[in-house]
Amino acid sequence: MDRRDNQQVEKTKELEQEGQMKEGSSHFITEDGKQYRMPYTIIKKVIFKNLDQKELQDIPHSARLQYRLLLFDAVIKAKVDFHKKFIRIVYNHPEANNIKEKISRQKLIEFLANEGVHVNEAPENFEETDYDYQKELYNYAYFPPSIREAPPYGWTKEEWKRHKEEEEKKKYRMEHPTMLDKLLGLNKKKDVKKGSGMKLHP
């Protein structure tokens, strides 16, 4: 926890004591018996679709625009897709229950207009939804095995499902051999040939 995090905790405590914090703004999670304060709870995700590709210009320009969006403290995630002509932004909106920096959707639209990208807020071009910071970002980033698990090289998903338990037992036994394994030499790794041994002369 750095100095800014400490300041954030102290500021939150002060507001809680004064009764200025909204309900749900002080959100904790417990991991390994310790409590951690989440910086956000429910924030917003907005998608601006069917943009003019000429305004996005090209891939490098779109990448720079994405970087400039991320310079806002209130923007948590941003993606500018040149080929699919959309901009997706996860941001801390003014009504969110936290004391972090906030920005309105209108301010984002004004910023994009200043960058030469004009957003059409018609229903078919615009979508905004609630975004659960803990479930959709924190858990995905810090607990990836529970969300996505790829089979090892050489296995299909179906094969790995059938043989996973058996293979993990074999791996564990190789790493933690019993006395019988050591006597029988079952835990010895096969020698791997490292080249032919021939040297090439200049």
For region 38-84, what Kirkwood radius comes out of the mean inverse Cα-Cα distance, in Å?
-> 12.0 Å
Where Lys and Arg each count +1 and Asp and Glu each count -1, what net charge lies around Tyr131 among other residues with Cβ under 15 Å from its Cβ?
-> +3
What dipole magnitude, in Debye to the nearest 20, does region 22-144 give about its Cα centre under +1 on Lys/Arg Cβ and -1 on Asp/Glu Cβ?
-> 220 debye
Which of the pairs Lys54/Lys157; Lys79/Lys171; Lys135/Lys161; Lys54/Lys135; Lys54/Lys77; Lys85/Lys157 have their Cα atoms more than 31 Å apart in this structure?
-> Lys54/Lys157; Lys79/Lys171; Lys54/Lys135; Lys85/Lys157
At 7 Å along the Cα-to-beta-carbon direction for both Glu136 and Ser104, put a label point, then send me their distance in nm to one decimal.
-> 2.2 nm
So for region 22-144, what are the equivalent ellipsoid semi-axes in whole Å, largest first, each being the square root of 5 times an eigenvalue of the Cα gyration tensor?
-> 30, 15, 12
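Bear in mind these aren't lab numbers, they're just calculated from the coordinates by the rules spelled out. Not measured: the values here are computed from a predicted model. Glycine gets a Cβ as well: all are built from the backbone with ideal geometry, and neighbour counts include every protein chain shown.
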